[in-house]
1. Just one of (1) in contact (Cβ under 8 Å) with a residue 24 or more places away in the chain; (2) in contact with a Gly (Cβ under 6 Å, 6 or more places away or on another chain); (3) buried (at least 16 other Cβ atoms within 10 Å of the Cβ) trips up residue B:215, so point out which.
2. Go through region B:275-315 and give me each residue that's β-branched (Val, Ile, Thr) and surrounded by fewer than 19 Cβ atoms within 10 Å (Cβ to Cβ).
3. Considering only residues that are buried (at least 20 other Cβ atoms within 10 Å of the Cβ) and without any contact (Cβ under 8 Å) to a residue 40 or more places away in the chain, look in region B:91-120 and name the one that is nearest to the other protein chains (Cβ to nearest Cβ).
4. Could you tell me which numbered condition residue A:237 fails, if it satisfies all but one of (1) of a type outside the set (A, V, I, L, M, F, W, C); (2) away from every other protein chain (no Cβ under 12 Å); (3) under 32 Å from the mean Cα position of the chain (by Cα)?
5. Would you call residue A:175 free of Cβ contacts under 8 Å to residues at least 24 places away in the same chain, within 13 Å of chain B (Cβ to nearest Cβ), under 31 Å from the mean Cα position of the chain (by Cα) and under 30 Å from residue B:246 (Cβ atoms)?
6. Assuming residue A:38 fulfils every condition listed in (1) within 20 Å of residue A:308 (Cβ to Cβ); (2) crowded, with 17+ Cβ neighbours inside 10 Å; (3) at the interface with another protein chain (Cβ under 7 Å from one of its Cβ atoms) apart from one, which condition is it?
7. So residue B:393 fits all but one of (1) touching a strand residue (DSSP E or B) at 6+ places or on another chain (Cβ under 6 Å); (2) more than 7 Å from chain A (Cβ to nearest Cβ); what number is the exception?
Amino acid sequence: MRHKTFLWFFLPTGLAMLLFIALPIVSVLVQSVFAPHEAVLKEVENCTPLVGCVTETTIDQEATRELRENQPLGRFVGLDIYLDRGHLAVAEVGQAWVDAATWDEFWHRLFNLPLYRALSFTLTFTFLVTPLLILLGLMIALAVNSLHRHLKGLMIFFSLLPMIVTPLIGSLILFWMIDSRGIIGSALVSIAGDPNFSLKASTGLMWVSLIVYGVWHSAPFAFVVFYAGLQTLPKDQLESAQIDGATRWQQVRYVVIPHLMPLVTFVALIQLMDNFRIFEPIVGFNASAHATSLSWIIFNDLGGETRQLSAASATSVLTIFGVAILLSPVLVRTWRDFRGKT
Amino acid sequence: MFVKNLAVAGAFAGLMGTAAFAAGHGCEIGARVSIVGNEFPAIQTVGAGAQECTGAEVTTNLTADHQKINVAGMQGNPAEYTSAIIANSSIVALMNEDVIRPLNDLVETHGDGLQPGQLIRIGGDVMAVAFMANAQHLMYRKDILEQIGVEPPSTYEEMIEAAQMIRDQGIMENPIGGAYAAGWNLAQEFNNMFLGFGGQHFKPGTAEPSVNSEAGVNALNMMKALSEYMNPDFLTHDSNATNAEYRAGNIALLNMWGSRAATQTTTEGVTDAVKNGHAVAGPMTVGGGSTPASTLWWDGWTVAKNISDAEAEATFLAMKNAIRPAILEDAEVAKQAVWLIEGYEPTDAAVGVFEAAKAGTTPYPMLPYMGLMHTALGNELADFMQGKESAEQALADVEAAYTAAAKEKGFLQ
């Protein structure tokens with residue numbers, strides 16, 4: 001394709017990407033280095049029903065208005081917000097490093113900070129769920145593919161259900177089932193023989209539930225992709241493997257998986273990104289006491305009575321960096337392949 | 001003939017009366033009104049009351065997520081919403097962003113029928129008109145307390161004693177309920193207990209936190225002691241889940257919102273034992289203090305700043321029409337809340353909130369930085385409740401998290 005043709009061809013997509021991806025990122029970047037003006041406070045008399053009048057502090061709007069009009073973006077704070085306790089917590093981590101006598105103590109203090117606590121769960125979740133869902137998706141795809149053709153349609157539909165169910169609804173259903181009065185919860189209570197046994201009260205078990213939910217929810221995606229890939233499997237290769245006396249496992253290991261490998265990379269890429277941004281199950285499971293994620297922190301910053309836009313923006317930028325770091329090995333490989341070809 | 005004429009005249013007069021009623025008791029407005037607010041029965045009544053006005057369009061957007069949209073919806077010029085229905089915690093966000101207008105002149109010209117106590121005055125300006133009061137207070141099962149032979153608890157210490165007796169007698173395993181879900185609810189329960197122990201969230205006159213104090217540690221230890229008598233899933237139970245436990249007959253004692261008292265036994269699926277045994281009382285004190293471990297709340301409406309004076313006037317009239325004393329003639333409406341409207345007679349469900357007011361319950365702090373403190377408490381206290389860290393460490397974390405947020409928002413340097 002000539003460069004000019006390509007340019008015209010790409011223009012609509014390029015414009016959309018600029019509008020919906022590049023501009024929001026720039027806006028978030030700008031918001032993360034600006035913070036609201038320092039508030040001018042004054043004491044006033046507040047009178048409210050049933051209580052009467054008390055002296056309380058409020059913002060002096062007259063004094064603040066001028067500041068706001070002169071610099072509508074707020075005050076420039078540079079990287080201050082990135083470095084504060086709610087984000088990278090540089091000072092706190094440094095202090096913990098100096099004070100901590102043992103590694104244990106250092107980790108304990110590190111994971112007491114919101115961002116690192118969220119990262120510890122997010123990364124555990126990402127690196128456990130992604131391989132597990134690929135494995136499960138592959139197994140389902142192989143199983144469905146070997147079914148009689150009359151059964152296939154029905155099984156595909158049922159296998160896709162977890163993905164069709166809205167994430168929030170799906171997590172709520174599981175949440176109610178594992179409640180100490182829910183079906184799985186009470187079953188566990190009778191198995192454990194402890195009436196106070198609760199899945200939701202234990203951090204470890206809550207993590208397990210979230211990971212199980214994550215695999216359950218995303219495996220159908222891997223299944224669909226792999227199932228499509230299986231339809232293009234070269235029959236002759238498989239037949240020659242059979243003639244050579246390969247067992248079913250050997251056929252899968254040496255013929256099917258190498259054939260599906262590009263798809264595995266694709267699913268891994270998409271799912272690494274998705275799982276790193278885990279959010280709905282944490283809300284659905286009411287799990288914030290045990291597990292948080294970067295997306296949950298953003299939601300929490302914006303959901304309070306006083307919205308922290310700058311803090312949320314800084315976390316968003318850190319999330320983008322996180323995704324970039326996660327995907328860099330794959331991206332570097334793709335780039336090398338590309339360079340190798342030209 | 002004369003008789004016939006009279007009948008026609010009478011019918012005509014009757015018709016006129018109905019017409020006047022349909023026109024919202026003569027509520028005639030000349031500009032658009034747009035309301036954003038929370039959604040529960042009392043606020044829906046207010047929204048519907050405003051929509052009775054004729055002459056211009058009145059729209060409402062009542063949603064539990066109101067506080068996520070009201071600031072943004074009032075910052076534009078002209079503002080999308082001409083009125084936001086808020087509580088004493090959420091008015092702060094609107095005042096911080098300077099999006100609501102003082103109502104002094106509107107109260108002067110159209111304020112007849114509003115009681116002085118309804119006017120929320122901040123530094124001499126009327127910033128909101130309150131229509132209902134709310135507070136958390138004790139709800140209990142009188143049948144179960146009779147069974148163990150104790151009076152309804154007036155302190156949290158008595159509550160624990162009663163709970164221990166209920167457990168010992170094998171009536172219930174976990175008799176105490178509480179909205180202890182990590183986040184807003186847990187922070188609110190801490191606020192209650194902290195104020196009950198005489199704590200102050202901030203050093204007077206400043207935005208410096210002071211929760212890491214003796215009162216703070218005592219409050220957390222009391223919450224931990226109570227949680228020993230709660231369903232082990234308590235950190236995931238918000239007010240709805242706690243109410244469900246109560247309605248199902250699984251708990252006997254709880255600190256719950258007064259606004260939920262009237263509907264506590266009217267929902268489907270409430271057992272007869274709960275229906276007959278349900279009772280309310282005032283909030284409890286703690287640690288020998290005299291101030292109840294609770295907070296006093298009001299709900300009211302505001303008028304946006306970035307709208308024309310005509311729209312502001314129309315909004316004021318429509319909102320005033322929504323909370324006119326005549327709405328209390330409907331018995332259902334009268335039960336929906338503890339109304340601050342003239343002529344309101346407390347119902348049985350209102351006892352708890354009135355007791356709270358009488359006992360001198362502290363109002364929820366109306367400070368520009370209280371929202372940040374509430375968020376910090378909600379995020380950092382769960383570790384202590386799970387036994388993962390000490391009360392002092394949890395409170396130190398709260399102060400550190402609050403300080404970072406307050407620096408960002410410009411409240412602390």
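The values are calculated or read from the model by the stated rules, or taken from the named source; none is laboratory data. Quick caveat: nothing in here was measured; it's all calculated off a predicted structure. With ideal geometry, Cβ positions are generated from the backbone for all residues, glycine too; neighbour counts draw on all protein chains shown.
1. (1)
2. B:291
3. Top of the filtered list is B:119.
4. (3)
5. Spelling it out, it is not the case that residue A:175 is free of Cβ contacts under 8 Å to residues at least 24 places away in the same chain, within 13 Å of chain B (Cβ to nearest Cβ), under 31 Å from the mean Cα position of the chain (by Cα) and under 30 Å from residue B:246 (Cβ atoms).
6. In the conditions (1) within 20 Å of residue A:308 (Cβ to Cβ); (2) crowded, with 17+ Cβ neighbours inside 10 Å; (3) at the interface with another protein chain (Cβ under 7 Å from one of its Cβ atoms), residue A:38 misses (2) alone.
7. Condition not satisfied by residue B:393: (1).
For every residue, the table says whether it meets (1) more than 8 Å from every other protein chain (Cβ to nearest Cβ); (2) farther than 29 Å from residue B:295 by Cβ.
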residue	(1), (2)
A:48	no, no
A:55	yes, no
A:64	no, no
A:67	yes, yes
A:70	yes, yes
A:73	yes, yes
A:76	yes, yes
A:84	no, yes
